[in-house]
Amino acid sequence: MLHDVRVRAIAIQIAILAGISAFGFILVSATARNLELRGIPLGFQFLWRPANFQIAETILPYSSSDPNWWAAVVGLANSLFISVLVILLASVIGLFIGIGRLSGNPLVSGLCRVWVEVARNTPLVVLLIFNYALWWEVLPLATEAWKLAPGTHISVRGLSMPALTWTVSPLAPAAFFVAGAVLIAGASSVARRRQAQTGRRPAYVRAAWLLVAAAAGALLLANPDAATVQVPEFRRANFTGGWSLTPELTTILIGLTFYTAGFVGEIVRGGILAVSRGQWEAATALGLSRSQTYRLVVVPLALRSIVPPLNSQYINVVKNSTLAIVVGYQDFMTVVGTIINKTSHAIEGVAIILGVFLVVNLALSALLNAYNRHIAIVER
């Protein structure tokens, strides 16, 4: 039986797997025994103990009496908040950088090239530290804050801007947003099928947007007190009210966006260059303007080349968000590190960090891979 190549290959794989499993069991057993001798038994019971430490800036409600597991969730929410904002901002900015690199205007092309070269050749941790130091050296005190727009001020205390607040349940705007997104997605799907049948795309999506806007206007007219705008006011040496971003959050947001946008710009430039010259000529023959050519022809075709490398870049954003620790922003890595220092459960804490980031990155990768399959060319 062992002369069969297939059986021999399976036997070898089983033997290797058994050896790895045995080594892992010995390692875990020895570690557990050594930790128990030091009075630090393995286990996750510490997650239900009170955290007893503060988190300066949170997206979710939190108090020091909450358990450690909720503190970790709050830290994860902070990390995801940074990652989502950076991905959105870097994608938009990177798109314009990639297009600007191909511009015939030497000034635009040169500035975009400088952005890319600085971002790609500067260590991210050094860039964050430089931005944080620059923030405190350049910006004025809160009493002399720079006014960027009506109700928007920036100073060493952070960035303050007006905020939209709801007097009704926070689930109401979320439910309205979900319903509107479902309506627009359904209208887009029906429009695509109709276009495939008739060759013309009906204005279903535009009608769906108008319907959502009309519904939002009607709800606000029926209940004008449901939404209010809070404008920051200067009181006691700082701005209160509205929406405030601390220097730490703003620094990691600006630094990570600048860094990621440089890589995204090069990815976009490569995707655009991958579009054949015939597509440009066909768009010109149809009478499309330069902006219409990019929006309707080039960018949709370039997505097939852009999305796969963007997948890796977005995963890097999630991993790079852990560098928020260098500017003092309390993200998931920092919060779990604090829990480890207070409980001495280093192995369990590190395992939680690895497991959570693995799940988040795999979910993000699966989402982008699904989109990539959706836009891929179907071969016959």
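The values are calculated or read from the model by the stated rules, or taken from the named source; none is laboratory data. Keep in mind the model is a prediction, meaning the values are calculated, not measured. Every residue, glycine among them, receives a Cβ derived from its backbone with ideal geometry; neighbour counts consider all protein chains shown.
Of everything listed in (1) at pLDDT 80 or above; (2) surrounded by fewer than 11 Cβ atoms within 10 Å (Cβ to Cβ), the single unmet condition for ASN131 is (2). For the condition in a helix (DSSP H, G or I), buried (at least 16 other Cβ atoms within 10 Å of the Cβ), in contact (Cβ under 8 Å) with a residue 40 or more places away in the chain and among the aliphatic types (A, V, I, L, M), ILE55 does not qualify. Taken over the range 78-107, the residue count meeting the criterion of being over 17 Å from THR250 (Cβ atoms), surrounded by fewer than 17 Cβ atoms within 10 Å (Cβ to Cβ) and either of a type in the set (A, V, I, L, M) or not assigned by TED's automatic domain parsing to the domain that holds GLY270 (or both) is 4. Checking the stated criteria, TRP209 turns out not to satisfy the condition of being modelled with pLDDT under 75 and either over 28 Å from ILE59 (Cα atoms) or not assigned by TED's automatic domain parsing to the domain that holds VAL318 (or both).
Do we have any residue at all in the range 289-300 that's surrounded by 14 or more Cβ atoms within 10 Å (Cβ to Cβ), of a type outside the set (A, V, I, L, M) and either at positive phi or in contact with a helix residue (DSSP H, G or I) (Cβ under 7 Å, 6 or more places away or on another chain) (or both)? For the range 289-300, residues surrounded by 14 or more Cβ atoms within 10 Å (Cβ to Cβ), of a type outside the set (A, V, I, L, M) and either at positive phi or in contact with a helix residue (DSSP H, G or I) (Cβ under 7 Å, 6 or more places away or on another chain) (or both): present. Any residue at all in the range 203-224 that's loosely packed, with under 14 Cβ neighbours inside 10 Å and either within 26 Å of the chain's Cα centre (by Cα) or closer than 30 Å to SER79 by Cα (or both)? No: zero hits. Report yes if some residue within the range 103-118 is hydrophobic (A, V, I, L, M, F, W, C), more than 21 Å from VAL327 (Cβ to Cβ) and more than 27 Å from the chain's Cα centre (by Cα); otherwise report no. Checked the range 103-118: at least one residue is hydrophobic (A, V, I, L, M, F, W, C), more than 21 Å from VAL327 (Cβ to Cβ) and more than 27 Å from the chain's Cα centre (by Cα). Taking the criterion of being at pLDDT 80 or above, surrounded by 15 or more Cβ atoms within 10 Å (Cβ to Cβ) and in a helix (DSSP H, G or I), the residues of the range 24-52 that qualify are PHE46, LEU47. Test LEU159 against the stated conditions and say whether it is surrounded by 12 or more Cβ atoms within 10 Å (Cβ to Cβ), in contact with a strand residue (DSSP E or B) (Cβ under 9 Å, 6 or more places away or on another chain) and either farther than 29 Å from GLY241 by Cα or free of Cβ contacts under 8 Å to residues at least 40 places away in the same chain (or both). No: the conditions fail for LEU159. Filtered by the rule that a residue be closer than 17 Å to ILE272 by Cα and in contact (Cβ under 8 Å) with a residue 12 or more places away in the chain, the range 66-95 gives SER91, ILE93, GLY94, LEU95.
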